[in-house]
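The values are calculated or read from the model by the stated rules, or taken from the named source; none is laboratory data. No experiment lies behind these values; they were computed from the predicted model shown. Cβ placement follows ideal geometry from the backbone for every residue including glycine, while neighbour counts extend to all protein chains displayed.
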Amino acid sequence: MYERVTGSSRVLNSDCLFALKQIPNSSIDLVITDPPYNLGNFMRSRGTNMGKMRDNYFAYSGWDDLDFDEWCEQMDLFLGECHRVLKVRGTLLIFMSVIKAETIINLAQKHKFYYKTVGIWHKTNPMPRNMNLQFVNSTESWLYFVNGDTTGTFNNEKKMIHDFIESSTISNSERKLGRHPTQKPLAIMKHFIKILSNENDTVLDPFMGSGSTGVACELLNRKFIGIEINTDYFNIACKRIVEKI
């Protein structure tokens with residue numbers, strides 16, 4: 001395991017299940033992350049032509065194609081560690097394919113997470129794959145849980161906040177140092193971090209990718225712990241966090 005500390009961020013180049021065991025009990029306020037959806041084999045079996053359209057499309061990345069039972073076992077272990085490191089009333093927000101939502105909800109409830117809702121991120125500029133054959137895939141789901149209680153931090157400023165958020169995909173500035181196949185826009189990460197945590201809270205992203213969560217935490221005065229197994233993406237994340245882009 002390799003570690004760097006920069007600003008208020010601590011980033012680890014490691015397998016997340018190994019690195020999570022190094023984090024103390026009840027020390028995290030918010031876990032927000034985008035784990036593998038385990039859709040690689042499914043997408044390839046559908047004859048997707050995305051490999052020709054985008055070289056780093058996740059279906060051809062090699063890290064999203066576990067056997068379903070193996071993926072469930074890994075997610076079960078992951079959610080158990082999230083329960084342990086989160087404070088009581090801490091929040092867990094996971095991006096996930098809607099076809100895997102029920103599986104994640106059942107596993108999370110096993111580990112004393114209270115299920116709040118499934119929400120939608122609508123991408124205003126999706127890739128128009130097969131637009132003349134079917135509806136264009138322009139949404140991703142996110143699942144919202146509270147650890148060991150029914151209510152956690154929710155900074156709505158007395159305004160109604162829908163379980164639906166809309167934005168474009170990543171901007172050109174966020175591509176500057178390189179990008180991850182499933183990179184989330186800073187605007188999306190900032191939206192959730194503002195609502196679900198407070199300044200000086202500790203935010204954990206166990207599947208950090210290219211570091212959008214860490215950049216958002218630096219911009220919003222949160223402490224950040226990020227874990228990424230891929231060295232190339234880890235290095236990109238470190239640069240992005242330092243430059244805050």
Checked segment 105-123 for anything in contact (Cβ under 8 Å) with a residue 12 or more places away in the chain and not in a strand (DSSP E or B); matches are 105, 107, 108, 110, 111, 112
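Test residue 190 against the stated conditions and say whether it is touching a helix residue (DSSP H, G or I) at 6+ places or on another chain (Cβ under 9 Å) and touching a residue at least 40 places away in the same chain (Cβ under 8 Å). Before you say what the answer is, go through the steps one by one.
Values: touching a helix residue (DSSP H, G or I) at 6+ places or on another chain (Cβ under 9 Å): yes; touching a residue at least 40 places away in the same chain (Cβ under 8 Å): no.
So residue 190 does not fit the description; no.
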With the first residue restricted to segment 66-91 and required to be farther than 13 Å from residue 20 by Cβ, and the second required to be at pLDDT below 95, Cβ contacts under 8 Å at 6 or more apart or on different chains are 66/36; 66/38; 68/38; 71/36; 71/38
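Within segment 98-116, which residues are within 17 Å of residue 182 (Cβ to Cβ) and surrounded by 15 or more Cβ atoms within 10 Å (Cβ to Cβ)?
Let us first name the residues in segment 98-116 that are within 17 Å of residue 182 (Cβ to Cβ), namely 98-101, 104.
Within segment 98-116, 100, 101, 104 meet the criteria.
Looking at segment 92-104, which of its residues are part of a helix (DSSP H, G or I) and either touching a residue at least 40 places away in the same chain (Cβ under 8 Å) or out of contact with any Leu (no Cβ under 7 Å at 6 or more places or on another chain) (or both)?
Of the residues in segment 92-104, the ones part of a helix (DSSP H, G or I) are 98-104.
Answer for segment 92-104, where residues must be part of a helix (DSSP H, G or I) and either touching a residue at least 40 places away in the same chain (Cβ under 8 Å) or out of contact with any Leu (no Cβ under 7 Å at 6 or more places or on another chain) (or both): 98, 99, 100, 101, 102, 103.
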Going through segment 206-229 in order, the residues found to be touching a residue at least 40 places away in the same chain (Cβ under 8 Å), in contact with a Phe, Trp or Tyr (Cβ under 8 Å, 6 or more places away or on another chain) and of a type in the set (S, T, N, Q) are 213
- Message: Is it the case, given these coordinates, that residue 192 is at negative phi and out of contact with any Leu (no Cβ under 6 Å at 6 or more places or on another chain)?
- Response: no
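Mind listing whichever residues of segment 226-237 are assigned to a helix (DSSP H, G or I) and buried (at least 24 other Cβ atoms within 10 Å of the Cβ)? Walk me through how you get there before you give the answer.
Filtering segment 226-237 for residues assigned to a helix (DSSP H, G or I) gives 231-237.
Across segment 226-237, the qualifying residue is only 237.
Yes or no, residue by residue, for (1) among the small types (Gly, Ala, Ser); (2) at pLDDT 90 or above; (3) in a loop (DSSP other than H, G, I, E, B):
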{"residue": "5", "(1), (2), (3)": "no, yes, no"}
{"residue": "18", "(1), (2), (3)": "no, yes, no"}
{"residue": "23", "(1), (2), (3)": "no, yes, yes"}
{"residue": "26", "(1), (2), (3)": "yes, yes, yes"}
{"residue": "30", "(1), (2), (3)": "no, yes, no"}
{"residue": "36", "(1), (2), (3)": "no, yes, yes"}
{"residue": "41", "(1), (2), (3)": "no, no, no"}
Exception for residue 241 within (1) in contact with an Asp or Glu (Cβ under 9 Å, 6 or more places away or on another chain); (2) aliphatic (A, V, I, L, M); (3) farther than 13 Å from residue 9 by Cβ falls at (3)
Of the candidates 88, 11, the one satisfying the condition of being in contact with a Gly (Cβ under 9 Å, 6 or more places away or on another chain), surrounded by 14 or more Cβ atoms within 10 Å (Cβ to Cβ) and modelled with pLDDT of 95 or more is 11
Here the qualifying pairs (Cβ atoms under 8 Å; residues six or more apart or on different chains; first in segment 124-135 and free of Cβ contacts under 8 Å to residues at least 40 places away in the same chain; second surrounded by 10 or more Cβ atoms within 10 Å (Cβ to Cβ)) come out as 128/136; 130/136
_For segment 51-73, check the following and say yes or no: at least one residue is modelled with pLDDT of 95 or more, within 25 Å of residue 220 (Cα to Cα) and surrounded by 13 or more Cβ atoms within 10 Å (Cβ to Cβ)._
no
